[in-house]
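J.: Input: one structure, supplied below.
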Amino acid sequence: MRKNQTRQKINTPGAIIAATAIEHNLTLITSDRDFDNIKGLSILHPESLSML
C-alpha cells in the first residue's frame, strides 16, 4: 500500500454487491459513498442527477 493511500473497509454484503457489478460490467446506483474507492466499479449517485 502506498504511503498516501487509505484503506476503506466495506461490509461483506457490500463487497458481494460490488464484485457482482464488476463481474457483470454493471453500473451500481447507490447513495452509499462506501463504494466510491472500489477499483473497477462503475457508480451512479442518484443525488448527482438533476431533476427534469
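No value in this document is a laboratory result; all are computed from the given coordinates. The structure presented is a predicted model; accordingly, all values stated were derived computationally and were not measured. All Cβ positions, even for glycine, are placed from backbone atoms using ideal geometry, and neighbour counts span all protein chains on display.
J.: Any idea how many residues of segment 9-52 are assigned to a helix (DSSP H, G or I) and polar (S, T, N, Q)?
T.: 3
J.: I've got another one for you. If we keep just the residues of segment 31-44 that are touching a helix residue (DSSP H, G or I) at 6+ places or on another chain (Cβ under 8 Å), free of Cβ contacts under 8 Å to residues at least 24 places away in the same chain and not acidic (Asp, Glu), which is nearest to Ala18 (Cα to Cα)?
T.: Only one residue fits best here, namely Leu41.
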